[in-house]
């Protein structure tokens, strides 16, 4: 007659097991890689620039950023417990050595296999229709699909290294304008050593006919990935952009410090979606990616719109605040986020909505889910400038706890500079409800599936914002990540 | 009283159960055969809801003694979901809301889990939707409700109707209706009761847990039991419900407490 007593225990176990769920993308590709020696100094910065045949102005920007970085200290204000990073113990550039002859568009078969395995076939005919991909491994972009087709419309989609060569004026005009190297510690570091990433330019009046997507893969050991993404949507343009990321399972922590800059002109719209699934470390918190990212968009034009959607399930530490500077009158900023942490993962994530334009509006929906021993924080700033009259913000910030040992925290800051603006903030914290699980059980749905259903339901508002192909992936990812993590 | 099937579907013997160390059920005995309707009545706190929770395997309750067999199988050894697959259904007194999970997805998971349990293929999307349509009619459930999230924003009456809709979908062998009449106006009560009656057959059985005679005007019991202080203290035919309606529980309480 011990079954009844044991049932609660068993339920707990199922939820705890989720923590042990294997990370599916943890393999390493055996490919020859050119890695520059570990360490960071001015010569390394010069070497990266030289490897990429960069123009003088870019090298200068890197060197300024590096000099500035030396004056900064690793920030400690996040609600995260992070050891001080030894920046001399990291290699700042790793490039898979090309096997195929250059210039004929052939992809190295090993790289192709790697991305196939990740579900990102690089051959255009095999792609999901309607999505172009830039595949980045370690420090370089290995392939970009559909470039020619997009070029017919004047859409530029290529690696940022190529863009520096092929579109120097555009890059010079926009790079570092939204996130200057002086912005923060990691932005300075990234600007000094960034290697590759994607560049997107949508010309006036063009609605990009397919989703653009960059897939980031860390492969080499003891390297950091410092990519840089720049998206410009000119007047009346539209683009939906997706970002995915994975890394091998390793005991050491690896650093990923990226910058994403977005510029949205008059009446243009950019949707930026992320499914972040970097290796989160093992169940004891060993290893995993430090994901320290600066993402910001400038809604420069009137009636411009920028929408961030993120599903964050990976990384040992996540520190990112995709933000909108709403400069244009009637501009719109949105932030939809699901952050799931388990085991010993730590996430400190949220957004900043800076209202500078009149009648600009913003929406923030943040859903945190914490399991195991993880810590999950929402940090947000809503600032309405004195001259930005008639602005609106709506913030909804929910936390769901799946265990007694995890933590959910919120750090909202609201500054309203005039009295014609309206700011609403709603927040809830709840624990996964035993009665909900039992209700599902009674209908024949096992506890693991029940937790998956309940959590996906909880996150639905955000998941609905993802493009279709991504939403399905993200839903599976949430359920798989949760296997065994309620307790 | 009917005696078509001699085999008991449910056999509860000397069942004891507690919650948070407090014993609530103190030796319940009950047999239910296919085709029967049993009403379990009793004053507040007598253990009625505990009985339904224990039978369906709610983890908050601990069985401290006795046994329960369901078609000869040890019910208490099964997980709550396996009990459901074996054909045990509970219409909850307070159905929970599951925000963001559509009724369609929820029912589809439930149906397909049951099919999996019996080694059957999942139902195709079109067959499933056809089944939804068909069963919705049983309790006149609006299509809008069926496409909303599970119980989210449903009125009290809608929640209860939704319970019976799920019962219709899952075709249980034994249904326990836990205070299904509470919070229902007379029209909703009639719809819910007529749904239950439509689903009745010679092969399934129903346990109706209720305070009042009212529901029993619509769902006619074959047996009426009084649960008091964790035990069934009286069992009789439908006339007992009428007597309780008239005289209340005090006379039974007095009788038992004086023993």
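When you scan region A:443-466, how many residues do you find that are touching a helix residue (DSSP H, G or I) at 6+ places or on another chain (Cβ under 8 Å) and either assigned to a helix (DSSP H, G or I) or more than 7 Å from chain B (Cβ to nearest Cβ) (or both)?
Quick first cut of region A:443-466, residues touching a helix residue (DSSP H, G or I) at 6+ places or on another chain (Cβ under 8 Å) only: A:443-456, A:459, A:463-464, A:466.
Going one step further and asking which of them are either assigned to a helix (DSSP H, G or I) or more than 7 Å from chain B (Cβ to nearest Cβ) (or both), we end up with A:447-456, A:459, A:463-464, A:466.
Adding up the residues that qualify gives 14.
Given the conditions (1) touching a residue at least 60 places away in the same chain (Cβ under 8 Å); (2) assigned to a strand (DSSP E or B), report the number of the one that residue B:62 does not fulfil.
Failed condition: (1).
Could you check, for region A:369-381, whether at least one of its residues is surrounded by 21 or more Cβ atoms within 10 Å (Cβ to Cβ) and farther than 30 Å from residue A:478 by Cα?
No, every residue in region A:369-381 fails to be surrounded by 21 or more Cβ atoms within 10 Å (Cβ to Cβ) and farther than 30 Å from residue A:478 by Cα.
What is the one condition in (1) in a helix (DSSP H, G or I); (2) touching a strand residue (DSSP E or B) at 6+ places or on another chain (Cβ under 8 Å); (3) closer than 20 Å to residue B:177 by Cα that residue B:242 does not satisfy?
(2)
Evaluate region B:29-41: report whether one residue or more is touching a residue at least 60 places away in the same chain (Cβ under 8 Å), closer than 26 Å to residue B:249 by Cβ, outside any strand (DSSP E or B) and in contact with a strand residue (DSSP E or B) (Cβ under 6 Å, 6 or more places away or on another chain).
Yes, that holds for at least one residue.
Please find, within region B:103-112, the residue that is surrounded by the fewest Cβ atoms within 10 Å (Cβ to Cβ) out of those that are within 8 Å of another protein chain (Cβ to nearest Cβ) and over 20 Å from the mean Cα position of the chain (by Cα).
In this case the residue turns out to be B:105.
Restricted to region B:67-102, and to residues that are part of a loop (DSSP other than H, G, I, E, B) and farther than 15 Å from residue A:444 by Cβ, which residue is nearest to the other protein chains (Cβ to nearest Cβ)?
If we take residues in region B:67-102 being part of a loop (DSSP other than H, G, I, E, B) and farther than 15 Å from residue A:444 by Cβ, then B:96 is nearest to the other protein chains (Cβ to nearest Cβ).
Conditions tested, residue by residue: (1) modelled with pLDDT of 95 or more; (2) outside any loop (DSSP other than H, G, I, E, B).
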| site | (1), (2) |
| --- | --- |
| A:301 | yes, no |
| A:315 | no, no |
| A:324 | yes, yes |
| A:339 | no, yes |
| A:353 | yes, yes |
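Mind checking which residues of region B:29-66 are away from every other protein chain (no Cβ under 14 Å) and more than 20 Å from residue B:212 (Cβ to Cβ)?
B:29, B:30, B:31, B:32, B:33, B:34, B:35, B:36 - these are the residues of region B:29-66 that are away from every other protein chain (no Cβ under 14 Å) and more than 20 Å from residue B:212 (Cβ to Cβ).
Mind listing whichever residues of region A:45-62 are assigned to a helix (DSSP H, G or I) and under 21 Å from residue A:180 (Cα atoms)?
Within region A:45-62, A:45, A:46, A:48, A:49, A:56, A:57, A:58, A:59, A:60, A:61, A:62 qualify.
Residue check: is residue A:374 more than 14 Å from chain B (Cβ to nearest Cβ) and more than 20 Å from residue A:350 (Cβ to Cβ)?
no
Please specify each residue of region B:225-239 satisfying the condition of being in a loop (DSSP other than H, G, I, E, B) and in contact with a helix residue (DSSP H, G or I) (Cβ under 9 Å, 6 or more places away or on another chain).
B:229, B:230, B:238, listed by residue number.
The values are calculated or read from the model by the stated rules, or taken from the named source; none is laboratory data. Quick caveat: nothing in here was measured; it's all calculated off a predicted structure. No Cβ is skipped: glycine too gets one built from the backbone with ideal geometry, and neighbour counts run over all protein chains shown.
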